[in-house]
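Student: One structure is given below, represented as structure tokens, and several questions about it will come after.
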Amino acid sequence: MKDFIAPQDQALLQRHGLADFESLWALELAPVDAPNTARGGWSSVYRLQLDEAAFYLKRQSNYLTRSLRRPLGEPTFAREFRNIERYRSLAIPALQAAFFGERRINGEQRAVLLTRALDDWQDLDYWLQGWPQHSGALREAILKACGELAARLHLAGQVHGCFYPKHIFLRQQGEHFEACLIDLEKTRPAWLGQRDRVRDLEPLLRRATIWCDQEVRQFLTAYLARQADVAQWFEQLTQRRRNKENRA
């Protein structure tokens, strides 16, 4: 795959001598946390500040995922980058890629993914922690933003696969919120219609336990845009949640 550089970031990266795979791979930075070594290779994340722009630089070596199309494996960042680009083409709000590239060097599979930092956003977990202290209007605006984000995702024929509060980012704009998604590695087409959509939403509601039934219905109203369907979806999601909890 040819290296990708976002047009809006190319001049900035060139000015700092970071517009190619080798420079980004060699850049010395302190990792954000300990490298992940669960797949037999390693994968690490670093924060990169260039002038006024902040990025997250992700590098990995032999950290692979396998599929029917790629039984020998490929870097997990390759799949995530494809999904970032898919979301962009489908107008699903999500994190933005500034650079992606991969190399095979002496049997080692390396990948670099550079994404724009979401510094002026907060994940849904942040808002849930202080949920009782928020005004009713603010809670309603958050529920509406999350429901509309889920609707855009599913109407585009995709399921996220990890639709959790920590993967939903929100930015307050006056009385309203924008919402977008991160961690797109497990995204796939929604092959099973409503069944897939219910399965995608249920993990969010299982983790957002602070939401009362009325608030779940507010979320579903924004998601469905049809009040008549809310009761049916609420029942399906509640039943799936009970089944999951009983098996735990």
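Bear in mind that the values in this text are calculations on the coordinates, not laboratory data. Since we're looking at a predicted model, the values are computed, not measured. Glycine gets a Cβ as well: all are built from the backbone with ideal geometry, and neighbour counts include every protein chain shown.
Student: Could you tell me whether residue 123 is in contact with a His (Cβ under 8 Å, 6 or more places away or on another chain) and of a type outside the set (A, V, I, L, M)?
Tutor: Against the criterion (in contact with a His (Cβ under 8 Å, 6 or more places away or on another chain) and of a type outside the set (A, V, I, L, M)), residue 123 qualifies.
Student: Further, regarding this structure: Does residue 157 meet the test of being within 27 Å of residue 79 (Cα to Cα) and free of Cβ contacts under 8 Å to residues at least 24 places away in the same chain?
Tutor: Details: within 27 Å of residue 79 (Cα to Cα): yes; free of Cβ contacts under 8 Å to residues at least 24 places away in the same chain: no.
Taking the combined requirement at face value, the residue does not satisfy it.
Student: Within region 119-137, which residues are touching a residue at least 60 places away in the same chain (Cβ under 8 Å) and surrounded by 14 or more Cβ atoms within 10 Å (Cβ to Cβ)?
Tutor: Residues of region 119-137 that are touching a residue at least 60 places away in the same chain (Cβ under 8 Å), as a first pass: 119, 124, 128, 131-132.
Those that are touching a residue at least 60 places away in the same chain (Cβ under 8 Å) and surrounded by 14 or more Cβ atoms within 10 Å (Cβ to Cβ): 124, 128, 131.
Student: Please go through region 30-55 and give me each residue that is under 24 Å from residue 104 (Cβ atoms) and in a strand (DSSP E or B), ordered by number.
Tutor: Selection gives 31, 36, 42, 43, 44, 45, 46.
Student: Can you report the number of residues in region 195-229 which are polar (S, T, N, Q) and either on the phi > 0 side of the Ramachandran plot or surrounded by 13 or more Cβ atoms within 10 Å (Cβ to Cβ) (or both)?
Tutor: 2
Student: While we're looking at this one, here's another question. On the basis of being in contact (Cβ under 8 Å) with a residue 12 or more places away in the chain, buried (at least 22 other Cβ atoms within 10 Å of the Cβ) and more than 29 Å from residue 39 (Cα to Cα), does residue 149 make the cut?
Tutor: Yes: the conditions hold for residue 149.
Student: I'd like to know if region 220-240 contains one or more residues that are in contact with a Phe, Trp or Tyr (Cβ under 6 Å, 6 or more places away or on another chain), in a helix (DSSP H, G or I) and not small (Gly, Ala, Ser).
Tutor: Scanning region 220-240 turns up at least one residue that is in contact with a Phe, Trp or Tyr (Cβ under 6 Å, 6 or more places away or on another chain), in a helix (DSSP H, G or I) and not small (Gly, Ala, Ser).
Student: Another one. Buried (at least 18 other Cβ atoms within 10 Å of the Cβ) and among the small types (Gly, Ala, Ser): does that describe residue 91?
Tutor: no
Okay, residues lined up against (1) surrounded by fewer than 22 Cβ atoms within 10 Å (Cβ to Cβ); (2) under 20 Å from residue 220 (Cβ atoms):
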position	(1), (2)
139	yes, yes
142	no, yes
155	yes, yes
160	no, yes
163	no, yes
174	yes, no
182	yes, no
187	no, no
191	yes, no
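Student: If you take the residues in region 194-248 that are of a type in the set (Phe, Trp, Tyr) and within 17 Å of residue 153 (Cβ to Cβ), which one is farthest from the chain's Cα centre (by Cα)?
Tutor: 233
Student: Scan region 21-46 for residues that are of a type outside the set (A, V, I, L, M, F, W, C), surrounded by fewer than 14 Cβ atoms within 10 Å (Cβ to Cβ) and under 23 Å from the mean Cα position of the chain (by Cα) and jot them down.
Tutor: Residues satisfying the conditions are 31, 33, 37.
Student: Sticking with this one: Does residue 77 qualify as being closer than 24 Å to residue 149 by Cα, assigned to a helix (DSSP H, G or I) and not charged (D, E, K, R)?
Tutor: Taking the combined requirement at face value, the residue satisfies it.
Student: Out of the residues in region 3-20 meeting the condition of being among the hydrophobic types (A, V, I, L, M, F, W, C) and part of a helix (DSSP H, G or I), tell me which one is surrounded by the fewest Cβ atoms within 10 Å (Cβ to Cβ).
Tutor: Taking the candidates together, the pick is 11.
Student: Kindly evaluate residue 53 against the criterion of being under 23 Å from the mean Cα position of the chain (by Cα) and in contact (Cβ under 8 Å) with a residue 12 or more places away in the chain.
Tutor: It is true that residue 53 is under 23 Å from the mean Cα position of the chain (by Cα) and in contact (Cβ under 8 Å) with a residue 12 or more places away in the chain.
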